[in-house]
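Values in this text are rule-based calculations from the coordinates and carry no lab data. Everything numeric in this text was worked out from a predicted model, so none of it was measured. Every residue, glycine as well, gets a Cβ built from its backbone with ideal geometry; the counts of neighbours run over all protein chains shown.
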Amino acid sequence: MLKGLTRAGIGSVGTLEDFIRSASAHGFEAIAADGKELEQWIDSKGIAGAQSFLKEYGIQIGTIGLSVQWRTSEEEFRAGLSRLVRDAEAAAALGCTACCTYVLPSTDYESAPFMTLATRRLRTCAQLLAPFGIRLGLEFVGPHHLRTRWKNPFIWGLKETLDWIDAIGESNVGLLFDSYHWYTNELDVEAILQLDPSQIVLVHINDAPAVPVQDVLDNDRLFPGEGVIDLGGFLRALNQIGYRGVIAQEILTPKPLEEPSDVLLKRSQEAFHKVYAAAGLE
């Protein structure tokens, strides 16, 4: 399983090339990027130059974010589709095979009409991504405080998300599986062992503070191994089912961390070593 980074929780790492260099220097193998920045990078460096740079530093583009506004108006959604195609083209040119988005557990829209709308829109996104060999990952979001943040409940659990993926009905749609949301849903290792690795597009890893699970906040995450989540069991189970994709750190905090990025990257490197060792993977 490839060790990966998002920009969340590692301070200001500069340009995309700076990010790639820093990730490589600290033992990581993949990063998350923005489709537009990949397009701009290719425009300035050329496809061959960008591919060579990634190869030189041993880094993959693990995922791009879904740039389309699928939660808002139809006009905004439609307006974003051409951008999604350009994102996919740039990502595919650099070997990226994943595009991910999060699904909030409540909404101000009426739940049933929003489900119908979102299903159609995400199906369209998946259909646009498929010719580029890119999968769409949906991240269920578990913290209790977000389940009532907006007027009506939506989806926040693993089973419901898998059912929704079946309803979307496109073979390139799967899970963005986050340890934080696994924990806040009070799932166990057995829930992971029931999954097929083909159902998982990407994995996020982070840790939670020692407070009652119903009080865990979405933006109060810790580095892997610094909290109470059984990340050894989490990683061991993913490895057992045969998942071999990216495990990307994502540390959301109430305010930006103040330490220099090299300090935070070193902390990330040590955190991964700790939890991979606990899982028997190092």
- Note on the structure: All alpha-carbon distances of segment 1-124, grouped into 5 Å bins from 0, give the whole-percent distribution 2, 10, 19, 20, 16, 12, 10, 7, 3, 1
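Could you rank the peptides 248-258, 97-107 by their average count of other C-beta atoms within 10 Å per residue, with the highest value first?
On the way: 248-258: 15.8, 97-107: 21.2.
For the peptides 248-258, 97-107, the packing ranking is 97-107, 248-258.
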- Item | log10 of Debye I(q)/I(0), alpha-carbon scatterers only, for segment 78-215 at 0.17, 0.19 Å⁻¹ | -0.98, -1.17
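Going by the alpha-carbon gyration tensor, a ≥ b ≥ c the square roots of its eigenvalues, is segment 183-277 rounded (a/c under 1.5) or, if a/c is not under 1.5, prolate (a/b greater than b/c) versus oblate?
Values: a/c = 2.05, a/b = 1.38, b/c = 1.49.
Note, shape of segment 183-277 comes out oblate.
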- Query: Sorted from fewest to most neighbouring beta carbons within 10 Å, what does the list 177, 77 look like?
  - Reply: 77, 177
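Restrict the search to segment 120-223; then list the GluC sites (Glu not before Pro) that DSSP places in a loop and that have at most 15 other Cβ atoms within 10 Å of their Cβ.
On the way: sites: 139, 160, 170, 186, 190; in loops: 170, 186.
Passing both the DSSP loop test and the Cβ count: 186.
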- Sum -39500 (n - 2.57) across every DSSP H segment of at least 4 residues in the chain, then divide by the residue count to get the 222 nm mean residue ellipticity, nearest 500. -13500 deg cm²/dmol
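Can you tell me what percent of all Cα-Cα pairs in the chain are more than 30 Å apart?
Numbers: 11098 of 39621 pairs.
Of all Cα-Cα distances in the chain, 28 percent exceed 30 Å.
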- Message: Tell me the relative contact order for segment 147-277 as a rounded percent, counting alpha carbon contacts under 8 Å between residues six or more apart.
- Response: 24 percent
- Selection from 150, 175, 161, by position along the positive dipole direction of segment 124-176 (Cβ): 150
- Item | Longest exposed-site-free window of the chain, the sites being trypsin sites (Lys or Arg not before Pro) in a DSSP loop that have at most 14 other C-beta atoms within 10 Å | 1-148
- Quick calc, the chain, dipole around Cα centre from Cβ unit charges on Lys, Arg (+) and Asp, Glu (-), nearest 20 debye, gives 400 debye
- Mind checking which of 254, 44, 187 is farthest towards the positive end of the chain's charge dipole, using Cβ charges of +1 (Lys, Arg) and -1 (Asp, Glu) about the Cα centre? 44
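For an R0 of 41 angstrom, estimate the FRET efficiency from the Cβ-Cβ distance between residue 259 and residue 159 and round to the nearest 0.05.
Values: r = 39 Å, r/R0 = 0.95.
Computed FRET efficiency for residue 259 and residue 159: 0.60.
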- Report the extension gain between residue 69 and residue 150 in nm, rounded to one decimal, defined as 0.36 nm multiplied by the number of residues separating them, less their alpha carbon distance. 27.4 nm
- Average Cα contact separation per residue, the chain, under 8 Å, 6 or more apart, as relative contact order %: 21 percent
- Query: What's the extension gain from residue 24 to residue 196 if we count 0.36 nm per residue and subtract their Cα-Cα distance?
  - Reply: 58.9 nm
- Task: Starting from the Cα of residue 217, step 7 Å along the direction of its Cβ; do the same at residue 188; then give the gap between the two resulting points in nm.
- Result: 3.1 nm
